[in-house]
Each structure stands twice: as structure tokens, then as C-alpha cells.
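The values are calculated or read from the model by the stated rules, or taken from the named source; none is laboratory data. Only a predicted model underlies this, so the values are computations on that prediction, with no experimental measurement involved. Cβ sites come from the backbone with ideal geometry, for glycine too, and all protein chains shown count toward neighbours.
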Amino acid sequence: MDSLLITGGTPLNGTVKVSGAKNAALPILLGAILFDKKVIFENVPHLRDIHTTKNLLETLGFETNFENGCMEVCQKNTISSEAPYDLVKTMRASVLCLGPLLARLGEANVAMPGGCAIGTRPVDLHLSALEKMGAKFSLDNGYIKGRCQKLHGAHIQFDFPTVGGTENIMMAASLADGETILENAAREPEIVDLANFLNSCGAKISGAGESQIKIQGVTRLEQKNPYKIMPDRIEAGTYLIAAAMTNGEVRVKDCPYHDMEALFDKLRACNVILEIEGDSVIAKKHQELNAVDIRTLPHPGFPTDMQAQFMAMLSICKGSGIVEETIFENRFMHVPELKRMGADIRVTGNSAMVRGIPSLTGAPVMASDLRAGAALVLAGLCAEGETRVDRIYHVDRGYEGMELKLQSLGAKIKRIKGE
Ligand code: UD1
């Protein structure tokens with residue numbers, strides 16, 4: 001398993017370009033299941049999760065070609081309805097093939113995603129919504145078996161604005177009979193990107209980005225032009241924080257700042273200067289960083305996917321900040337590792353009190369999940385001495401060429417190849 005070796009203390013300077021958004025690309029690529037002809041996507045990031053999705057599409061009977069950020073997906077022969085455990089266990093987002101498979105085949109056998117490091121993450125809301133649309137489910141040997149005649153429109157009210165659930169239903173409803181109305185839908189920008197893609201191919205989705213989404217089913221989808229995936233707001237936010245933590249100045253190009261208000265408000269409250277120039281945001285600081293409190297919430301609130309990185313920054317801010325995690329249970333796996341680097345953090349339930357210290361010290365640490373791994377890299381970049389972040393495959397799931405991008409900003413970071 002590869003590790004990253006970081007010698008901290010170098011201010012990051014220069015320009016970094018944001019890659020395509022992982023969390024937009026995954027549902028959009030799986031949306032290809034809804035098509036009987038070729039679909040082409042641009043700005044697809046080279047990430048472990050994207051390669052897993054490519055494998056999944058191939059296992060289901062699609063031909064794929066992925067070069068220079070462009071992915072082509074085309075149905076080969078008959079489509080298989082089975083998403084096997086070996087793929088689903090490495091990427092929970094595989095469950096996003098459930099809605100498209102049911103809509104396309106009337107049948108889906110998807111391995112039940114287990115728990116993961118950041119919580120149990122059930123899919124009950126996906127299933128009950130699809131049941132309302134006419135699907136019947138059973139659990140068989142660890143597989144969710146779904147069957148339906150033809151899905152029909154329904155009035156669905158989510159108890160919680162689930163991102164994946166909203167995406168699964170939007171895709172399924174696009175080929176269902178009649179109209180589906182989704183209440184308390186998730187409002188994340190990646191949902192808008194999925195709707196934009198589907199609508200560009202003939203789907204009739206209105207309200208994406210709002211709490212109520214209406215989807216009028218159509219009989220067939222067909223792509224006219226390649227679809228370009230939106231840039232990754234979480235990757236962008238991570239590099240903005242890296243600039244502030246290392247006392248540098250970084251221009252983040254292709255930064256989707258319209259979708260990053262909650263993060264920007266908190267960064268500015270910490271004394272980070274953010275200047276918007278065209279499609280770029282420049283991050284720097286002139287004064288000491290100040291601690292603030294954050295609370296993760298569904299979009300447009302503060303994103304849970306930025307919580308760990310923000311906590312790494314709070315650990316070197318002046319004063320104390322409280323981090324409240326309301327989306328996932330058990331998403332503080334980075335805390336013991338940050339503490340190994342000297343951070344002063346106390347966790348009570350779903351809250352963490354972070355008391356800022358002047359400087360972290362390098363240490364061997366272990367990434368437990370994707371964003372926790374990114375937080376440890378940020379900590380290593382500003383720590384005194386050397387930090388080795390193990391299990392970096394988590395980071396490779398979601399950050400395209402992270403060490404190369406950081407090297408280009410002057411960071412002393414290198415990959416150590418594992419067995
Ligand atoms: C997506 C993102 C992930 C992000 C998360 C929240 C992708 C591929 N992943 O994950 O990076 O952290 O949104 O912004 O886009 N829940 C249920 N029942 C369900 C579905 C969800 O109880 O049927 C719970 C989950 O356990 C969790 C919360 O709802 O506590 C949020 O989950 P959800 O919004 O569905 O996140 P994901 O789509 O899994």
C-alpha cells in the first residue's frame with residue numbers, strides 16, 4: 001500500500017487546476033445504463049472510484065473507453081442486472097446503478113453495501129422510494145434483488161435529503177411512466193449536474209437544486225453532444241485550505257465558487273483572504289488564522305466532505321472551535337491521527353472541540369477514509385518535520401494526482417510505493 005511522505009513547513013505558491021468532480025461523475029457515468037446508444041463524458045477525473053465505476057459498467061455489459069479525461073460508454077449486448085459484491089464493497093456509490101437498472105431492465109441484483117469507516121450508511125430511503133414507483137425488493141445472499149414491471153411515477157417524500165437517494169430516483173424516474181415528485185430532495189450541486197446531463201439527453205427534470213424535484217418520464221434518452229462534468233468543489237476547497245495552512249498564496253483554477261458559499265464564509269471568518277478572478281479563486285492570509293465553529297449540514301450548509309480538512313486547519317488556528325458533524329456518525333476517524341501530530345481535540349458525541357496550537361509536529365499517521373486522508377496531508381504540509389501518511393489509497397479514491405498538484409505548488413511531498 002502506497003504512502004505519502006511529506007516534509008512540512010513550505011508555503012504553497014502557484015496555480016492548481018481543479019479536476020472534474022468525483023461525486024458528479026459517479027452518478028452521471030452510471031446514468032449511462034439508461035442509454036441504448038453511446039454516451040460520451042468529458043472532464044472525468046482519473047480516480048480509483050472512477051476506475052471502479054468503469055469496471056462496474058463493463059461487468060454490466062457496457063463497452064468503455066477512458067482516455068485523457070474522456071470516457072465513452074456504449075451498450076454491447078444484453079445488459080446484466082448484477083452489481084457484484086467485489087465492486088460494491090470498494091465503492092458504496094455502486095448502489096447508484098439500482099435505479100437505472102430497474103428502469104432499464106425491470107430487474108437489479110446489487111450487492112448490499114456494508115458499513116464503512118464513516119458509518120453504517122443504509123440505503124433504506126432509496127429502496128422505499130423505488131417501492132413507491134412499483135419495485136419489489138428482497139434480500140438474498142447479501143444481494144438486494146429488485147424486480148418491477150415498468151416503474152411508474154410516484155409522490156415521494158424523503159425523511160432526510162439523501163444525495164445518493166435523490167440521484168437514484170432522478171435516474172429511475174427519467175424512464176418511468178408518468179410524473180414523479182420528489183419532496184425534501186437533496187440540493188447538492190452534483191444533483192444539478194446530473195439533472196443537466198439527463199435533460200441534455202431528453203429527460204424532463206425540473207427543480208434540481210431545490211427541495212422539490214419533478215421528473216416527467218420519457219420513453220428514451222439520447223445524447224447529442226458530449227457532457228462535461230462539473231469541477232470538484234471539495235478538491236478546490238482542500239487546496240484553498242492548504243494555501244492558508246502553509247501561509248502561501250494559491251490560485252485555484254476552475255473553482256466552482258458559486259457552490260462553495262458556506263465554506264467561503266467560514267474561511268473568511270478565520271481570516272483567510274479569498275479573491276475571485278474569473279473562474280479562479282486566490283487564497284492567502286495576511287493575519288493569524290482565527291478559530292470558528294462549524295456544523296455540517298446538507299447543501300447549502302457546510303459540507304461534511306470538508307469537515308476533516310477544516311478541522312486540520314482549526315488545529316493550528318488561534319483560539320478554540322467546535323466542529324459538529326450532523327450527517328454521518330463516526331466521521332471523526334482523523335481525530336486520533338491529528339492528535340498524534342500534537343493537535344488538541346476533544347470529542348464528545350458528534351462534536352469535537354479543537355483548541356488551536358502554534359504548530360503541529362510530523363508523525364507517521366494513517367488515512368482511515370478519503371477526506372480524513374486529505375486532512376492528514378494538509379496537517380503534514382504545515383507540520384514541523386516529516387509526516388508519513390499511510391493507506392493513501394483512500395486519497396487516490398477522490399483526489400486526482402494530489403501529490404503531483406502539491407509538488408507543482410512547491411510542497412515537499414513524495415509517494416512511497418508499497419507492496
Ligand atoms: C454522498 C457523497 C458523499 C457525501 C454525502 C453527504 C457521493 C458519491 N457521495 O454520499 O461524499 O459525504 O453525500 O453529502 O456523492 N441515509 C440513510 N438512508 C438512506 C440514505 C442515506 O439513513 O437510504 C443517511 C446516511 O447514512 C447518512 C446520511 O443519510 O447518514 C447522508 O447520506 P447521503 O446523503 O445518502 O450520502 P451518500 O449519497 O451516501
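One residue alone among 347, 335 is in contact (Cβ under 8 Å) with a residue 12 or more places away in the chain and part of a strand (DSSP E or B), and that residue is 347.
With the structure loaded, tell me whether residue 135 is surrounded by 21 or more Cβ atoms within 10 Å (Cβ to Cβ) and under 30 Å from residue 300 (Cα atoms) or whether it fails that test. It is false that residue 135 is surrounded by 21 or more Cβ atoms within 10 Å (Cβ to Cβ) and under 30 Å from residue 300 (Cα atoms).
A search for C-beta distances below 7 Å between a residue of the range 200-213 that is within 17 Å of residue 24 (Cα to Cα) and in contact (Cβ under 8 Å) with a residue 24 or more places away in the chain and any residue that is assigned to a strand (DSSP E or B) and aromatic (Phe, Trp, Tyr), counting only pairs 6+ apart in sequence or on different chains, returns 200/227.
Annotation: residue 276 fulfils all but one of (1) within 26 Å of residue 16 (Cβ to Cβ); (2) in contact with a strand residue (DSSP E or B) (Cβ under 9 Å, 6 or more places away or on another chain); (3) at pLDDT 95 or above; (4) surrounded by 15 or more Cβ atoms within 10 Å (Cβ to Cβ); the unmet one is (4).
Consider residue 319 carefully, then state whether it is within 16 Å of the ligand (Cβ to nearest atom) and surrounded by fewer than 16 Cβ atoms within 10 Å (Cβ to Cβ).
no
Within the range 122-170, the residues that satisfy the criterion of being of a type in the set (Gly, Ala, Ser) and over 21 Å from the mean Cα position of the chain (by Cα) are 128, 129, 134, 135, 138, 142, 146, 153, 154. The single condition among (1) crowded, with 17+ Cβ neighbours inside 10 Å; (2) away from the ligand (no atom under 16 Å from the Cβ) that residue 49 does not satisfy is (2). Considered as a group, the residues in the range 357-372 that are within 16 Å of the ligand (Cβ to nearest atom) and not hydroxyl-bearing (Ser, Thr, Tyr) include one that is surrounded by the fewest Cβ atoms within 10 Å (Cβ to Cβ), and that residue is 369. Over 29 Å from residue 159 (Cα atoms), in contact with a strand residue (DSSP E or B) (Cβ under 7 Å, 6 or more places away or on another chain), more than 15 Å from the ligand (Cβ to nearest atom) and of a type in the set (S, T, N, Q) - does that describe any residue in the range 79-101? No, the range 79-101 contains no residue that is over 29 Å from residue 159 (Cα atoms), in contact with a strand residue (DSSP E or B) (Cβ under 7 Å, 6 or more places away or on another chain), more than 15 Å from the ligand (Cβ to nearest atom) and of a type in the set (S, T, N, Q).
For every residue, the table says whether it meets (1) on the phi < 0 side of the Ramachandran plot; (2) assigned to a strand (DSSP E or B).
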residue: 131; (1), (2): yes, no
residue: 137; (1), (2): yes, yes
residue: 144; (1), (2): yes, yes
residue: 160; (1), (2): yes, no
residue: 166; (1), (2): yes, no
residue: 182; (1), (2): yes, yes
residue: 186; (1), (2): yes, no
residue: 191; (1), (2): yes, no
residue: 202; (1), (2): no, no
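Residues to consider are 214, 228; find the one that is closer than 30 Å to residue 170 by Cα and over 23 Å from the mean Cα position of the chain (by Cα).
Values: 228 fails: over 23 Å from the mean Cα position of the chain (by Cα).
None of the other options fit; the residue is 214.
If you check residue 173 against the conditions, is it within 12 Å of the ligand (Cβ to nearest atom) and either surrounded by fewer than 20 Cβ atoms within 10 Å (Cβ to Cβ) or not charged (D, E, K, R) (or both)? No: the conditions fail for residue 173. Checking each residue in the range 131-153 for being aliphatic (A, V, I, L, M) and within 16 Å of the ligand (Cβ to nearest atom) picks out 133, 135, 139, 144. Give the range 177-187 a look and list any residue that's within 16 Å of the ligand (Cβ to nearest atom) and surrounded by 24 or more Cβ atoms within 10 Å (Cβ to Cβ), or say none. Selection gives 182, 185. Please work out if residue 236 is outside any loop (DSSP other than H, G, I, E, B), under 16 Å from the mean Cα position of the chain (by Cα) and of a type in the set (Gly, Ala, Ser). Yes.
Here residue 327 meets the list (1) part of a loop (DSSP other than H, G, I, E, B); (2) farther than 21 Å from residue 266 by Cβ almost entirely, failing just condition (2). For the range 266-299, the candidate set comprises residues that are out of contact with any helix residue (DSSP H, G or I) (no Cβ under 6 Å at 6 or more places or on another chain) and within 16 Å of the ligand (Cβ to nearest atom); within that set, the residue that is farthest from residue 345 (Cα to Cα) is 299. Against the condition under 21 Å from residue 13 (Cα atoms) and either free of Cβ contacts under 8 Å to residues at least 12 places away in the same chain or not in a helix (DSSP H, G or I) (or both), how does residue 322 come out, does it pass? No.
Cβ-Cβ contacts under 6 Å between residues 6 or more apart (or on different chains), taken from a first residue in the range 279-291 that is farther than 14 Å from residue 240 by Cβ to a second residue that is part of a strand (DSSP E or B), are listed as 288/318; 290/318; 291/320; 291/321.
Yes/no matrix, rows are residues, columns are (1) modelled with pLDDT under 95; (2) part of a helix (DSSP H, G or I); (3) under 24 Å from the mean Cα position of the chain (by Cα); (4) within 28 Å of residue 26 (Cα to Cα):
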| position | (1), (2), (3), (4) |
| --- | --- |
| 339 | no, yes, no, no |
| 368 | yes, no, yes, yes |
| 399 | no, no, yes, yes |
| 403 | no, yes, yes, yes |
| 406 | no, yes, yes, yes |
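Selection of first residues in the range 150-168 that are aliphatic (A, V, I, L, M) and of second residues that are in a helix (DSSP H, G or I) and near the ligand (Cβ under 8 Å from one of its atoms), restricted to Cβ pairs under 8 Å at least 6 apart or on distinct chains, gives the following pairs, ordered by first then second residue: 163/23; 163/190.
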